[in-house]
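The values are calculated or read from the model by the stated rules, or taken from the named source; none is laboratory data. Because the structure is a prediction, the values reported are computed rather than measured. Cβ: placed from backbone, ideal geometry, glycine included. Neighbour counts: every protein chain shown.
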Amino acid sequence: MSTTSFPRITFTEFQDSRQHMLVSFLAQVQSITLAEALSADAHTDETSVKWPTDPLDGTVVWRLMASNRKELGRTVRSHRSFELARRNALALVAGVDELEGKVIRAGRRAVGWYLGLYGVPMLVCGELSRDAGLAHAAMGAASDALRRVTVADRARLLRVEHSGGPLGINSSVTRGPAATTRAEPVSSSLRSGADAR
């Protein structure tokens, strides 16, 4: 009997908001957010995009994974609980026919993308592409996958590793007033870029 593999939305809960892997995960999102802000400044006639005001609000994140386990995209924020993260992912899946996408130049040879609903970004690229054509293809693959995705019903807990590494603590991240963390600023090498379409 043959089995068919489907794309999945998977959830990860980090034990501590200062874990290197979570900080790196959100730094990628922050690079797209910054590039979009710079692009919007350059094109003031564009409709305002509503990025999360506090993308580092929790320790639960989700990713859209292809059937071969390749990451197709990721949430634009961390969530305070698995339930909130899952609700966010299910809203994206339910609104798949209303998705709007944008490709963004995030550097000289770095192009990213995001998909959103009603002006609110919900899914960003997991990695930057070399050119706009590759970014458009990656965004299309993510959009197609959302039409046949299964959504996990639990999160995988990643505990702190005291030996360092990706699950170790990033000591340069400090706790904010609401017990959240802040990632280090994204490299200033990002430059303003027009929509890479």
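Would region 152-167 turn up any residue that is touching a helix residue (DSSP H, G or I) at 6+ places or on another chain (Cβ under 8 Å), at pLDDT below 95, of a type in the set (Val, Ile, Thr) and closer than 17 Å to Met21 by Cα? Looking for residues that are touching a helix residue (DSSP H, G or I) at 6+ places or on another chain (Cβ under 8 Å), at pLDDT below 95, of a type in the set (Val, Ile, Thr) and closer than 17 Å to Met21 by Cα, one finds at least one in region 152-167, hence yes.
Cβ-Cβ contacts under 8 Å between residues 6 or more apart (or on different chains), taken from a first residue in region 94-122 that is touching a residue at least 24 places away in the same chain (Cβ under 8 Å) to a second residue that is of a type in the set (Asp, Glu) and assigned to a strand (DSSP E or B), are listed as Lys102/Asp195; Val103/Asp195; Ile104/Asp195; Arg105/Asp195; Leu115/Glu100; Gly116/Glu100; Leu117/Glu100; Gly119/Glu100.
The set of residues in region 35-50 that are surrounded by fewer than 20 Cβ atoms within 10 Å (Cβ to Cβ) and either at pLDDT 90 or above or not charged (D, E, K, R) (or both) comprises Ala37, Leu38, Ala40, Ala42, His43, Thr44, Thr47, Ser48, Val49.
Filtered by the rule that a residue be under 16 Å from Ile32 (Cα atoms) and among the aliphatic types (A, V, I, L, M), region 74-111 gives Val76, Val103, Ile104, Ala106, Ala110, Val111. Within region 123-138, the set of residues being within 14 Å of the chain's Cα centre (by Cα), surrounded by 16 or more Cβ atoms within 10 Å (Cβ to Cβ) and either touching a residue at least 60 places away in the same chain (Cβ under 8 Å) or farther than 11 Å from Leu72 by Cα (or both) comprises Val124, Cys125, Gly126, Leu128, Ala138.
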